[in-house]
Amino acid sequence: MSDSPIPQTVRRILECHTRESGGLLSILEEIQDEYGYLPEEALRAVSDETGRPLVDIYGVATFYRSFSLKPRGKHVICACLGTACHVRGTSVIVEELERQLGIKAEETTPDNEFTLETANCLGACALGPVVVVDGHYYSKVRKSHVARLIEDARTGIRRETGEPETEHRDGTVESGRPETPGRLDTIEQFHTLRARLREANDPEQPTIIIPAGTCGQASGANALIHAAQREIGTRGLEQRISLRVTGCHGFCEMEPSVLVEPGGIFYPNVDEKDIPRIIGAALDGKVLTDLCFEDPVTGERVARQRDVPFFRHQHRAIMGQNEKMDPVRIHDYIAHDGYSALADVLAQNRPEGVVSEVQESGLRGRGGAGFSTGLKWKLLAAQPGPGGKYLICNADEGDPGAYMDRCVLEGNPHSIIEGMIIGAYGTGATNGVVYVRNEYPLAIKHLTAALEQARELGFLGENILGSGFSFDIRLSKGAGAFVCGEETALIRSIEGKMGEPRQRPPFPIQKGVDGKPTAINNVETWANIPLIFRMGAQAFAQVGTTGNSGTKIFSLVGKVRNTGLVEVPMGMTIREIVHDIGGGSTGKARIKAVQTGGPSGGCIPAEKFELPIDYDSLAQAGSIMGSGGMIVMDENTCMVDVAKYFMNFLKDESCGKCFTCRKGTQRMYEILDDISRGAGTPDSLNLLEELAWVVKDTTMCGLGQTAANPVLSTLRYYRHEYERHIHDKRCDAFVCGELVGAPCQTACPVGTEAWRYVALIEKGRFEEAYRVIREPNPFPSVCARVCGHTCESRCRLGTTGGDPVAIRALKRFITEHIDPSVYQPPRFRRENPETVAIIGAGPAGLTAAHQLSLLGYKVTVFEAGAEPGGMLISCIPTYRLPHEVVRREIAELLDDNITLTCNTALGRDMTLDGLFEQGFQAVFLAIGADKSWPLGVGGEDRRGVYSSMDFLKAFNLRGEELATGHVGVIGGGNSAIDAARIAVRQKNVKSVTLYYRRTDQEMPAYIDEVDAAKEEGITLHTLVSPVKIRHIEQAQKEGVKVQDAVSPVKIYSEAGRLTGIDLVKNRLGDVDSSGRRKPVPVSDSEFHVPLDTLIAAIGEQPDSDGFDDMGLVINRDGTVKVDPETLATGRPGVFAGGDLVSGPSMVVDAIAHGQKAAAMIDRYLRGADMKVTPSIMHPKTYVGPCENEEMTEVARVALPVLSAESRKKSFAEVEGTLSPEQARCEARRCLRCDLLFTQRREREPEPVGVRESQT
Amino acid sequence: MITLEINGLITSVEEGTTVLDAARGLGFPIPTLCHMEGLSPYGACRLCVVEIGEGPRAKLVSSCTYPAEEGLKVRTASNRVLRARRVILELLLATCPQSKIIQDLASEYGIRRQRFKQEYDDCILCGLCVRMCQEQMMAGAIGFRGRGETRSLGTPFDVQSEVCRLCGGCIYVCPACQLRCTYNQPEKAVCGGCANLPPPCAEKEPFDDMMCYMDPCVACEIKKKE
C-alpha cells in the first residue's frame, strides 16, 4: 500500500507510461496492484492528468473483469468456471465455497478476510476443477477439500504444490542473458554464435528435463526441481548431469513428470523422493522400469516417451520443441535452430518471397476461422503504410477449455517473436504487439523476458542483424474480457478503450490500431512461421490434408482419460484423437460428444467421430475449429446444461453493444434455465430456436454471430434431451440440480430416500433407517444383496472424482440388524373388494400383490413354478442371495388378502379370457424373461450345450450339476457371470472360461460381479482393457478365465455330445450409436477350443409365445408392449410389468414396476384418471447435518467378503455385513445433497410442480 | 460515386454513404432506434438490418453502419429481414414495454404478443443519449458502464456529473421513454421516469390504444403488479 496521496501515486505511474506508451489498461492495472482495487479518487486523477473524460475511464474500468471498484478481501479465492472445470463439477465447488464462506461469488466477507471470485477460464483445463487461492493453484478440487483450502488461505500455508513464481525462474531470467553482451550486428555474427552454442551443446550429456508450465507447477513440478537441484548440488554432479526446466510437454494428466535424455525416458507422476534414483539411473544410462509409464491396454511398462500411446499417435512439430529448451534462455533456442529462419530470410533480402512462401505452405489461421495467413499478409503488404503498419499476436486465449497458446507462450516464446519478425519483414510492418490475457501470469513473464533478450541480441529494434530492417514488439495485457479475442475489439483494447467490436468493413487490414493497417494472427499461427521457413513450404504442406496443411494443437480435456495438449496432423479423425490418444472414457460412462470451438463452437456426437478434424468438416457438422479446445463429454454430461453453461458465459462476456446479442443471450439463458428447472414448456423449444437463429443473423461481430451455436448444435443432435427435461421433468445425466434433487433418491427406481437412511445411520437411528428403506421397497433384504445400486453410480461423491458412499452395504447393515416388525405398513379396508389376478410370483408380481393387498383388494397370485420368488430363487446364485432370505421376505408379504397358487402357468393351465370369466376384474402379467437366446451357430441341441437359464435353474431348483470338465461360457451379462461362477463351484469342473465378443470394459454385468467371478478363478477371454485389470486379477483368483473379443462360429460334437467349439477373434471397430465400439471379426483368426460343457448366456427374453393370441401386442424381442406411463396393455384390465416388459433388468426395476402396476390397477378399478403428470422428486424431511465434519474424509469402507480360496466349491454367501461402527463411519462420508433442498424448504415454499417424495 | 442495387433499384451514392442513407434516399423505409442524423452511426439496436449478398453468402448487416460498396445488392424487406425484425421487436417489447415508439413499431410489424418473460426496463442501451451528450453537447457526462447483461448507462460512480449542464438533450433523444423530464428528482442525471407511466388504457376507452391489442397488455400488467 502506498502512503503518498493517491493523485501523486497516479502521477508517478503515468510518468512511467508516457515513456513506454502503454495503454490505459496497464495504467489501471498498476493502480489496482498498488491499492488492491481502483479507488474513485485514482480514476478521477487519471482523468485529470490525461485529459480523457472520466466517463471513458470509468467505462473501461467497469468493462474489464479483472478490475475491481470495490476493495477486496485479504485473501482472494478464485474458482475457474471454464468448460473443462464445469463438466468436472466446478459448480458444486463454488456452491460449497459460498456456503462455507457465507457469501456469494464476487463478494467479500464482512470481516474483509476473503473475496470469492470466479474466472471464466484460468487455462489449467487438464487439472479441473481448479481453484486459485492468492495466486496458488489447487487442482482437481473436490467438495471435501474446500474446508482445507479456506484454512490454507487463512494460514498462508501452500500445500501440495509449489508456488507458480519460484526463485529459480527469476534466476534464469538473469542467467539467460547473453554471455557475450552487446548485440549481433551482422548475420555472420549470428552464425558464429549459433555454431559456438551448438558445439557447446552435447547431446550425449545426461539431462533431467522437468516440465514446469502452469499445469506442471500446480501439480508439484517445483518440488521436483528443488529436489533435483539439491541432489545435483550435494553430490557435486554439476559437470556430469544437466537439469533443464522447460515449458509444458502436453501430457498434463501425468504431471509432474520427468524426461531423461538421451533416450527420451519418460517418468510420469513422479514423486519428489524418486528424484535421486532417477538421477542415479540417468548417470548410469539405465531405466527405472517400475517408474515408467504403464500402458493401460497391455499392462506393459513403456520407457520411451515416443512409445507412450499418448505421444505415439501425435505429430509434435510445435509441442516437441518445448522439451528441448528452457523458455527463458535465448541460447537454448538459438542452439536448436532458433532465429536461423530469420537469418536466412534476411540474407535472401526478398520480402515478397516471404509472403509467397507462407502462401505456398497453405497455412490457415489457427485462431478459429481458418483464414489463409499468406493471403492476409499479402493484403497487408499491399497496403500503403506511411504512418507504419501493425502486426499483432492474438494471445487472448479466452475460449474456456483451450490452453495451447498459453503453453506455447510459456514454453517457447522466442518462436512467436521470430515468427512475428519474419512476418514484419515480409509485410513491411513496423510495430508488433502481443496481446496477452492477464490470466496467464507465467506466459507474460516468459514473454517479457524473451522480448528483452531478443532486443539485447539485436533481433528486435533498429537495423536487425545489420539488414537495415527495423521492427519492435511490445506486450499489451488484457484485463479479462473474452470478446477481446475478436479482432476489432482487440484493437480497441490495445488502444485503451472498452472492448467493443465495430463494423467491418473497414477491415483491420485497412484500418487497425490507431487507424493504421494491421494484421492479426493467433499464437499458434505465429509459432508455425519459423517451422515453415526451416523446413520449406512444400515440406510443411506435406503434413495434413489438401487445403488444411500442417498440424493443429488441441487441448483434450473433460471426461477423457489422457487429458493434455495433443498436436496432430490436420485431418485426423476425432475418434483417433479421443480414443487412440486420449485413451477413451475415464470410467464406465460412455463418451457422448466432444465440444469444439469453445462458446462459439458446437457439440459433435459420438456417431460422428469418424469426422476428420479440419476447418471445413467441422463447420459442416455445425461446430467450428476455434482455437482447438476439445472437451470430451460423457453420459454424465447434460446437453441442456452445456448450452446453459455457454449462455451464462456469453451473457456475461458479450460486450453488450448489440441489443440482440446482449438480450438474446440473456433470454436464451433464461429459457434454458427454465428448462433445466423443469419449468420449460413445449413452446420453449420453438422460441429458443427462433431466437437463436435471429441472434446468429443480426449481431455485428463474431462473438454474437456464433453465440447461438451451443444452443443450435445441441438442439440439432440432442433435442431428445431437451424434450426429456420438458416433458418428463428428468435430467438423465443427473446434472440439472432442480430436476435431480438428491441423486441417490432420484436414481432409485422405487425412489428410496437413500440420503435419509444414510443420514439416520450416521446419527445411530437405525430403526428409523429401516422404516425409510422398507416403505418403498417390500424386498429390502433382497435388494441389500443383489441391487444394481444406481444410487451409488449416481452418488455425487463418486461422480466428482471420489468413491461413492457404499449405500447398498449400509442397507445390508440395517436389514441385518433391525427386526422387520418395526415397520407396519398402513392398511386400507375395502367393502366388497375387487379381485385381481397376478401371473408370476417374482419380485414384480409379489410387490404388486402386496401393495394391492394393502389397498384392500383380494389378490390371487399364479406361479408356474413350485415355489414363489421367480428369478430370486431360480437364477440368482445362493452365494449372492441365500434362498432363506428370499423365503423369509416373501413370507412376510403374504397375508389374508393374497392367495398363492403354484404350478399354474398362463397358456398351459389358464387363459386371460378364463381369468376374466372367473370374476377377476384386473390382471397383472409379470412372468419375467427366462428364455435364453440361442447362439445361432447350429448344434445347440447336443449334450453338454446348455442355455444359461436351463443351467442355472437345474442347479438352483433341483440341485443338478450339469457342468463337467472344461466349461466355456459365452456372454458378458450378469447371467453369464452367474453361470460361470456356479460352474466353477461344481464338483466335476476342471476349468471355466468366459468368452465375450467385446472387451470386458464394455461388459454389461455389474462390475462387482465380474470382479468377483475373476477372483473365483474364472478366466475372462476379452480384449483385456485398462481399468478393469484389477478386477480381472481378482476374478482369476476364483479360477475363472476370461477371453474377450471372440465370437463362437461352430460347435463340434461326437456321438451327440459336445467336444469343442471354434471361436473367431474380434477387433473393436467403429463406435456405434450406443457409444460402444462394434466388434468386427478378424478374418482367418478362427481357433479351436476343446470343451466338455458350453453354456450360452448371450441374453434372455420373455417366454411370451402364444400371448398374441390372447389380445396382447408382442415386440420383436418377445417383450409385451405396454403404455410406459401406466403399464396398461392394449387389452382393457390387463397390465404387464417386470422383465416381461423391460427385458432382463434389475430386481429393483421389477419392484418398481410392481409398485406402479398396483397404483395403476387401483386407479383403473376405481375408475380414476390414469394420466400421471410427471413430477420432480425433492428431498423433504430434514435430517440435521453430520456434526463431526473432521471425520468425513475417510476412504470408502471395504465390504467384508469370504476369501477367494474358501469360496471355491462353496455356496456360502460371499459378502458379509458391516459392523455398526463401520456403518456409521461410512455414512459420515455422505455429502448430504438433500440439505440444499430440506434447508431451503424450511425457509421458503417449494417451487410449483414438486411433489411429495413419499407417496 | 458508388453504384449499388437496393431492392432491384440501381442507385449511385457518394463514397462513405451508409446503406441506410442510400435506401432511405430511394424511399425505402428502414426502422431504426439508435440512429439519428448528426450523431455518429452506432449499430446497437439492430432493427435496421438488411440482407446483402446472394446465395449461401447472403447475410444480414446493420444498414446504419455498413458502408455502401460498389455492386452491393441490398434487400431491405426480405423474409429473413422481416423475421429478424419481428423477433427483435418482440425482445424490445419484453424489455421496454412502456415505450410508445417501440409499441408503434411492433404494431406496424404485426406483433400481437410477446413470448418472453416481461421486464420493465426504461432503457434499451441504444446510446443515443451518450452520443448526444458527447458529440453535440460536448459534455461527456454520461456513458456506458460494465458489459454484457450488467451493461448500463449513467454517470461515473452514479453521482451527478460535474460536466452535465442539465441541457436535457439526453431525454430529448431517448426512444425508450419520453417522460423522463417529469420525474421528480431532476438533479439525478438519468432518471427512472418511465416507471411512473400510467397505463394509457386506464384513462381511455378500451382498445382505443394499440397497446391493448397486445397480449399481455403491458400497461395492465404493470397496474396488476401494483
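Every Cα-Cα pair of segment A:1-156 was included, and the share exceeding 27 Å stands at 35 percent. Going by neighbour counts of Cβ atoms within 10 Å, the residues A:Cys292, A:Cys731 line up, fewest first, as A:Cys292, A:Cys731. Counting, for every residue in A:47-55, the Cβ atoms of other protein chains within 10 Å of its Cβ and taking the mean gives 4. Rounded to the nearest 0.05, what FRET efficiency do A:Asp732 and A:Gln542 have when you use their Cβ-Cβ distance and R0 = 56 Å? The computed FRET efficiency comes out at 0.75.
Would you work out which of A:Ser793, A:Leu447, A:Leu465 lies farthest towards the positive end of the dipole of chain A? Charges go on Cβ: Lys and Arg +1, Asp and Glu -1. Of the candidates, A:Ser793 comes out farthest on the positive side. Sorting A:852-862, B:157-167, A:421-431 by their mean Cβ neighbour count within 10 Å, with the most densely packed peptide first, gives A:421-431, A:852-862, B:157-167. For B:Lys117, neighbours were defined as the other residues whose beta-carbon sits under 10 Å from its Cβ, and their charges (Lys and Arg +1, Asp and Glu -1) total -1.
Placing R0 at 22 angstrom, the Cβ-Cβ distance between A:Ala200 and A:Lys286 gives a FRET efficiency of 0.25 after rounding to 0.05. Shape analysis of the protein assembly as shown yields a ratio of the Cα radius of gyration to the Kirkwood radius, Rg/Rh, of 1.00. Rounded to the nearest Å, what's the spacing between the alpha carbon centres of segment A:600-614 and segment A:922-939? Just the number, please. When both Cα centres are located, 40 Å separates them. Over chain A, dividing the summed -39,500 (n - 2.57) contributions of all DSSP H runs of at least 4 residues by the number of residues returns a 222 nm mean residue ellipticity of -11000 deg cm²/dmol. Placing +1 on each Lys and Arg Cβ and -1 on each Asp and Glu Cβ, with no other charges, gives the protein assembly as shown a dipole about its Cα centre of roughly 880 debye. Site pair A:Ala866 and B:Lys117 shows an inter-label distance of 6.6 nm when each label is modelled 7 Å from Cα along Cα→Cβ.
In what sequence do A:Arg316, A:Arg474, A:Arg985, A:Arg350 fall when counting other Cβ within 10 Å, fewest first? Lowest count first: A:Arg350, A:Arg474, A:Arg316, A:Arg985.
Would segment A:249-334 count as rounded, prolate or oblate if I go by the C-alpha gyration tensor, calling it rounded below 1.5 in a/c and otherwise prolate when a/b exceeds b/c, oblate otherwise? In terms of gyration-tensor shape, oblate. Label-to-label distance for A:Val937 and A:Thr186 is 8.0 nm, based on points extended 7 Å past Cα in the beta-carbon direction. Our summary gives segment A:442-576 a relative contact order of 9 percent, counting only alpha carbon pairs under 8 angstrom and 6 or more residues apart. Note on B:Leu125, A:Leu197: ascending count of other Cβ atoms within 10 Å places them as A:Leu197, B:Leu125, the fewest first.
The dipole here belongs to segment A:1-151: it is taken about the Cα centre, uses +1 on the Cβ of Lys and Arg and -1 on the Cβ of Asp and Glu, and is about 640 debye. Computed from Cα positions, the angle between helix A:187-200 and the longest principal axis of chain A comes to roughly 50 degrees.
The angle between the Cα long axis of helix A:373-382 and the longest principal axis of the Cα atoms of chain A comes to about 30 degrees, rounded to the nearest 10. When the Cα centres of segment A:477-504 and segment A:705-751 are compared, how far apart do they sit, in Å? A separation of 35 Å, based on Cα centres.
Across chain A, the relative contact order, built from alpha-carbon pairs under 8 Å that are at least six residues apart, equals 8 percent. Other residues whose C-beta falls under 9 angstrom from the C-beta of A:Ser676 contribute a net charge of -2, scoring Lys and Arg +1 and Asp and Glu -1.
Against the longest alpha carbon principal axis of chain A, how many degrees, from 0 to 90 and to the nearest 10, is the axis of helix A:275-284 turned? The angle comes out at about 70 degrees. Entry note, segment A:6-63: relative contact order of 36 percent, from Cα contacts under 8 Å with a spacing of 6+ residues. Counted residue by residue at 0.36 nm each, then reduced by the alpha carbon distance between them, the extension gain from A:Glu767 to A:Arg958 reaches 65.0 nm.
Remark: segment A:1087-1167 carries a charge dipole of roughly 420 debye about the Cα centre, counting +1 on each Lys and Arg Cβ and -1 on each Asp and Glu Cβ.
Net length available on complete extension from A:Glu690 to A:Ile157 is 186.6 nm, with 0.36 nm assigned per residue and the Cα-Cα distance removed.
Of the residues B:Ile6, B:Val50, B:Pro67, the one whose Cα sits farthest towards the positive end of the charge dipole of segment B:2-77 is B:Val50 (charges of +1 on Lys and Arg Cβ, -1 on Asp and Glu Cβ, taken about the Cα centre). Convex hull over the Cα atoms of segment A:362-542, averaged projected area in nm²? About 10.1 nm², averaged over all directions. The calculated FRET efficiency for A:Thr1173 paired with A:Ala891, based on their beta-carbon distance and R0 = 51 Å, is about 0.85.
Each value in this text was obtained by applying a stated rule to the coordinates, not by laboratory testing. Just so it is clear, the model here is predicted, and its values are computed rather than measured. All Cβ positions, even for glycine, are placed from backbone atoms using ideal geometry, and neighbour counts span all protein chains on display.
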